[in-house]
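Undergrad: Take this structure first; my questions come after.
The values are calculated or read from the model by the stated rules, or taken from the named source; none is laboratory data. Since we're looking at a predicted model, the values are computed, not measured. Note that each Cβ is placed from the backbone with ideal geometry, even for glycine, and that neighbours are counted across all protein chains shown.
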């Protein structure tokens, strides 16, 4: 997996103060995307032990709420295995921290992916420039959903998606 940046003390990409891993690779290439430089799966830097340790140093801080995967797209086919492995390592090491994941795929497409066992909140759907709204919390366009993964999975396969409503723990 490759990445473009690790953001510390981020308040825009999930609840609380977070560390954000901006991965490389995206096949959605949404018109109006804020991060087109992250589309190339060969761009950025190799996600190595040093990058992992930088994230762990941030997650060690009591005031950091958790890790957010963004990009690019963490669920780009070339990223899925590495994101799943790293998310499992983070959950094992920091069980009280939350994991948020942004993807251009819809929940219905990724709900059975094993990485969802580690994800607390999923922001799904491609960015649609015609539905852009800068006043939305944690998403860029009105079609996107902020999904409480644990509650949605607990409700059953045919259940309506549980949207974030202030209590997702």
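Undergrad: For the structure I just gave you, tell me whether residue 91 is more than 18 Å from residue 5 (Cβ to Cβ) and surrounded by 18 or more Cβ atoms within 10 Å (Cβ to Cβ). It would help to see each step written out before you state the result.
TA: Details: more than 18 Å from residue 5 (Cβ to Cβ): yes; surrounded by 18 or more Cβ atoms within 10 Å (Cβ to Cβ): yes.
So residue 91 fits the description; yes.
Undergrad: Show the residue pairs that are 6+ apart or on different chains and have beta-carbon atoms under 9 Å apart, the first residue being within the stretch 23-47 and touching a residue at least 60 places away in the same chain (Cβ under 8 Å), the second being surrounded by 14 or more Cβ atoms within 10 Å (Cβ to Cβ) and in a helix (DSSP H, G or I).
TA: Note: pairs meeting the criteria are 23/38; 23/82; 23/83; 26/38.
Undergrad: Within the stretch 4-15, track down each residue that is touching a residue at least 60 places away in the same chain (Cβ under 8 Å) and part of a strand (DSSP E or B).
TA: 4
Undergrad: Looking at the stretch 65-169, what helices (runs of 4 or more DSSP H) fall wholly within it and have at least 2 residues that are on the phi < 0 side of the Ramachandran plot, touching a helix residue (DSSP H, G or I) at 6+ places or on another chain (Cβ under 8 Å) and modelled with pLDDT of 95 or more? If you could, list the steps in order and put the result at the bottom.
TA: On the way: elements: 80-93, 107-110, 149-155.
Fully inside the stretch 65-169 and qualifying: 80-93.
Undergrad: When the stretch 16-36 is examined, which residues are found to be within 20 Å of residue 77 (Cα to Cα), outside any loop (DSSP other than H, G, I, E, B) and modelled with pLDDT of 95 or more? Please lay out each step first, then the result.
TA: In the first step, residues of the stretch 16-36 are kept if they are within 20 Å of residue 77 (Cα to Cα); the result is 20-30, 33, 35-36.
Now narrow it down to the ones that are outside any loop (DSSP other than H, G, I, E, B): 20-23, 36.
Within the stretch 16-36, 20, 21, 22, 23 qualify.
Undergrad: State all residues of the stretch 14-54 that are farther than 18 Å from residue 84 by Cα and buried (at least 20 other Cβ atoms within 10 Å of the Cβ); if no residue qualifies, say none. If you could, list the steps in order and put the result at the bottom.
TA: At the first step, the residues of the stretch 14-54 found to be farther than 18 Å from residue 84 by Cα are 14-18, 27-40, 42-45, 50, 54.
14, 15, 18, 38, 44 - these are the residues of the stretch 14-54 that are farther than 18 Å from residue 84 by Cα and buried (at least 20 other Cβ atoms within 10 Å of the Cβ).
Undergrad: Which residues, counting only those in the stretch 23-47, are under 19 Å from residue 138 (Cα atoms) and in contact with a helix residue (DSSP H, G or I) (Cβ under 6 Å, 6 or more places away or on another chain)?
TA: Matches in the stretch 23-47: 31, 32.
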